Amino acid sequence: MISDVKLSEILSKEDLSYLRSKSNFRASIMLFFNWLLVVLAFSLSVVWPNPISYVASILILAGRQLGLGILVHECAHKSFFERDEVNDFVGHWLCGAILNISVFAYRDYHLQHHRYAGTDDDPDKVFVDKYPVESASLKRKIVRDISGQTGLRDTLRKISDFKWSQNYPWVIAHGLLILALSLAGAPWAYALWWLAEIFVLPLLVRLRQIGEHGVADDRSVRSPRLNTGTTVVSWWERIFIAPNYVNYHVEHHQFASVPCYRLPSLHLKLTEGGYFTGYDCIALGYRDVLKRAQRPA
């Protein structure tokens, strides 16, 4: 039976006020933790250089590349720090620069996604429009991702589209990264960043896109419970695949002003209140997401 409970019956005005409140402390801790993992990922291979540490470093770095991208997303919504100018600075320089993402350009693009989610005008529709796909098709996509074809294509596009006036933060950020690794006596470790971005990050982005909208019940309608998905994840999935609570996507589309660090509380409130009852918008881990992403041949 599909739930007909109203949001006002689940969340009081006091609940919403708390859930929408921004915390400079929570945001700072989350920002610090993401960069701490980047430092630890490089340190792992620098201190213990061996094939196992290299693989671990690359996997951790890819997860944090996605994580920093999610923080750009939060800053684009102006929901991370309390002041808008801090969101702009952090999103643009401390999170987006290393990824070659402008928080200002991303904000304009992403708000269109929220405005038109569930319609043909959704700019993100192209990423999930074909899902679910046949099993063989999904396997081909994954092979392209982990073989570096997708990442190399995206990297070459970044280079071909390079304009100093727009992309100089990217150059500065990578210059500082190379300098830091050189001062640590390991300039070779810079290659780990690109190995992560080319060979692992594309698969993580694909999993995120599929989980968010690719396995939704009906992407043609405006209801988040039908055009969006949430994935309940394990601790290791949160480290490597779903950083910064990106998996709570139904909740985010229902209340875009709620900071990511309050999404677990929002999810719990909605679940206990019966908001999801009768809807098939909750996946149990990314193995479940991949199952839902496939249809019979």
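All of the numbers you see were taken from the coordinates with simple rules; none came from a lab. Predicted model only: the values in this text are computed from it and were never measured. When we count neighbours, we look across all protein chains shown, and the Cβ atoms used for this are built from the backbone with ideal geometry, even at glycine.
Structure notes:
- Members of segment 77-107 that are among the polar types (S, T, N, Q) and assigned to a helix (DSSP H, G or I): ASN87
- Residue list for segment 277-292, filter: under 21 Å from PHE240 (Cβ atoms) and touching a Ser or Thr at 6+ places or on another chain (Cβ under 9 Å): ILE282, ALA283, LEU284, GLY285, TYR286, ASP288, VAL289
- Filtering segment 129-143 to residues that are within 20 Å of the chain's Cα centre (by Cα) and over 24 Å from SER220 (Cβ atoms) leaves only ILE142.
- Criterion: surrounded by 22 or more Cβ atoms within 10 Å (Cβ to Cβ) and over 19 Å from LEU192 (Cβ atoms) - qualifying residue of PHE25, PHE89, PHE33, PHE81: PHE81
- Looking at segment 175-245, the helices (runs of 4 or more DSSP H) lying wholly inside it that each contain 3 or more residues that are closer than 18 Å to LEU66 by Cβ sit at 190-199, 201-209, 235-240.
- Leading residue by the ranking (nearest to PHE162 (Cα to Cα)) among those in segment 172-197 that are surrounded by 16 or more Cβ atoms within 10 Å (Cβ to Cβ) and among the small types (Gly, Ala, Ser): ALA173
- Of the residues making up segment 116-134, those that are exposed (fewer than 14 other Cβ atoms within 10 Å of the Cβ) and part of a helix (DSSP H, G or I) number 1.
- Single residue of segment 236-291 satisfying the filter (among the charged types (D, E, K, R) and farther than 22 Å from ALA27 by Cβ) that is surrounded by the most Cβ atoms within 10 Å (Cβ to Cβ): GLU237
- Unmet requirement for LEU11, which otherwise passes all of (1) within 15 Å of the chain's Cα centre (by Cα); (2) under 19 Å from HIS249 (Cβ atoms); (3) not aromatic (Phe, Trp, Tyr): (1)
- Set SER57, SER102: member being surrounded by fewer than 22 Cβ atoms within 10 Å (Cβ to Cβ) and of a type in the set (S, T, N, Q): SER102
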